Amino acid sequence: MNQDELHKLLRAIRDQHLSIDDGMARLRSLPFEDIGIAQIDHHRELRQGAPEIILGERKTAAQLLAIVGKMAERGSNVLVTRLPADCAESLQTSFPQGDYDELARTFTLIQKPQTSRPTGSVLVVCAGTSDLPVAREASVTARMLGLQVEEVVDVGVAGIHRLLARTDQLQKAAVIIVVAGMEGALPSVVGGLVRVPVIAVPTSVGYGAAFGGVAALLGMLNSCASGVTVVNIDNGFGAAFAASRIIKTTPA
C-alpha cells in the first residue's frame with residue numbers, strides 16, 4: 001500500500017463508501033503479513049517509497065510463488081533479484097504478465113505503472129562484458145523504481161579511449177553507477193570526469209588475486225576521485241536503490 005491508496009481508503013471510510021469494519025480488515029495486515037515462511041512487509045512502500053524487494057537466492061520455487069503471490073494479491077509491483085534459473089520457469093508460468101531477465105537474474109511484475117518519472121537519468125557504466133549481469137541488475141532495479149536509465153557497456157580502462165568517447169553522455173547523467181571487476185579502476189576515472197554522484201559496484205570478476213571481487217572493492221574504497229561511494233560486491237541492486245534515493249530527494 002502506498003500513500004495514494006491509503007488516501008483513497010481513508011476517503012472511502014469518510015464518505016461512507018466503505019464501512020469502518022471493512023476498512024479495519026484491509027488495514028489489519030498493512031504492517032506485515034505472516035505466511036509462515038516469510039513476514040511480508042506490505043507497509044514498506046508507504047514507509048520507504050518502494051515495495052519490499054525479494055532476494056531469490058537460496059529460496060525454493062514454492063517459497064517464491066507464495067511470497068510473490070501474496071504481494072501480487074495486494075497489487076504491489078514485484079522485483080525478485082538473484083533468481084535461480086530453475087525457479088524462473090515457475091514464476092513465469094504462474095505470472096505470465098511478469099518479465100524474466102536471464103542475464104540480470106531478475107523477475108519483475110508491474111501492476112502499478114509509474115505515472116511520473118523524476119527528472120534526471122541514471123547512467124549504468126559497465127567495464128567489461130563479464131560485468132554485465134551485475135550492471136543489468138542495476139538497470140532493471142532502477143527502471144523498476146521509476147528511473148530513466150541509459151547503459152554504456154565495455155568501456156574499461158584497458159582501452160580508455162572507449163570511455164572518453166562517451167564524455168558528453170557521462171556529464172549529462174544525474175547519477176552514474178560504475179560496475180567493474182579486476183582491479184576496479186574504472187570508477188576513479190569516471191569520478192575524475194564528472195561532477196555528479198558516482199556509485200561504484202565491484203564485481204567478482206577476475207583471476208585468483210582478484211579474490212572474488214575483494215581487490216576491486218578495496219581499490220574502489222581507496223579511490224582518490226571525489227564523490228565516489230561504494231556498495232558491496234556484485235550489488236547492482238543496492239547501487240540502483242541508492243541512485244533512486246539521490247535522484248528522488250534532489251530538488252528539480
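The values are calculated or read from the model by the stated rules, or taken from the named source; none is laboratory data. Bear in mind the structure is a predicted one, so any value in this text is a computation, not a measurement. All Cβ positions, even for glycine, are placed from backbone atoms using ideal geometry, and neighbour counts span all protein chains on display. Surface accessibility is based on the protein's heavy atoms, side chains included, excluding ligands, DNA and RNA. Shrake-Rupley method; radii C 1.70, N 1.55, O 1.52, S 1.80 Å.
Once the chain from Thr249 to Phe211 is taken as fully extended at 0.36 nm per residue, the excess over their C-alpha distance is 10.1 nm. For region 72-111, the set of GluC sites (Glu not before Pro) satisfying both a DSSP loop assignment and a count of at most 16 other C-beta atoms within 10 Å is given as Glu102. What dipole magnitude, in Debye to the nearest 20, does region 44-99 give about its Cα centre under +1 on Lys/Arg Cβ and -1 on Asp/Glu Cβ? Here region 44-99 has a charge dipole of around 260 debye. Comparing region 69-177 with the 2.2 N^0.38 Å rule of thumb, its C-alpha radius of gyration ratio is 1.23 (two decimals). Can you tell me what percent of all Cα-Cα pairs in region 86-146 are more than 17 Å apart? Pairs farther apart than 17 Å: 49 percent. In a reduced charge model with +1 at each Lys and Arg Cβ and -1 at each Asp and Glu Cβ, the chain shows a dipole moment near 660 debye about its Cα centre. The alpha-carbon atoms of region 117-252 define a convex hull whose volume equals 85 cubic angstrom per residue. Residues whose amide H lies under 5 Å from that of Gln148, counting only those 5 or more places away or on a different chain, are Val122; hydrogens are built 1.01 Å from N in the peptide plane. I need the chymotrypsin sites (Phe, Trp or Tyr not before Pro) found in region 190-252, filtered to DSSP loop residues with at most 12 other beta carbons within 10 Å of theirs. Loop-located and lightly packed - Tyr207.
For region 110-194, the fraction of 1.4 Å probe accessible surface lying on carbon and sulfur atoms is 52 percent. The distance between label points at Thr129 and Ile20 comes to 6.6 nm (points 7 Å beyond Cα on the Cα→Cβ vector).
Note on the chain: Cα Rg divided by 2.2 N^0.38 Å, N the number of residues, gives 1.12.
The translational diffusion coefficient of region 193-242, from Stokes-Einstein at 25 °C and 0.890 mPa s with a Kirkwood hydrodynamic radius over alpha carbon pairs, comes to 217 µm²/s. Between 0 and 90 degrees, rounded to the nearest ten: what's the tilt of helix 236-248 against the longest Cα principal axis of the chain? Around 70 degrees separate the two axes. Heavy-atom accessible area, probed at 1.4 angstrom with all protein chains present, ranks Ser76, Ser226 as Ser226, Ser76, highest first.
The phi-based Karplus calculation (6.51 cos²θ - 1.76 cosθ + 1.60; θ = phi - 60°) puts the 3J(HN,Hα) values of region 164-169 at 4, 5, 9, 4, 4, 5 Hz, whole numbers, x for Gly and Pro. Note on region 149-188: Rg/Rh from Cα positions, Kirkwood definition for Rh, rounded to two decimals, is 0.93. Here each label is just a point 7 Å from Cα along the line to Cβ, and for Thr60 and Glu102 those points are 2.7 nm apart. Total lysine pairs in the chain at Cα distances under 27 Å, for residues eight or more apart or on different chains: 8. Taking trypsin sites (Lys or Arg not before Pro) in DSSP loop conformation with at most 12 other Cβ atoms inside 10 Å as exposed sites, the chain has its longest uninterrupted site-free stretch at 59-194.
Ordered by 1.4 Å accessible area with all protein chains kept, Thr167, Thr203 run largest first as Thr167, Thr203.
For Val153, the residues 5 or more places off, or on other chains, whose built amide H falls under 5 Å of its own are Cys126. Can you give me the angle between helix 3-14 and the longest principal axis of the chain, using Cα atoms only, in degrees from 0 to 90, rounded to the nearest 10? Between the helix axis and the principal axis of the chain, the angle is about 10 degrees.
Length available on full extension from Ala85 to Leu10: 0.36 nm per residue minus the Cα-Cα distance, which gives 22.8 nm.
Taken per residue, the accessible surface of region 139-252 reaches 47 Å², heavy atoms only and a 1.4 Å probe.
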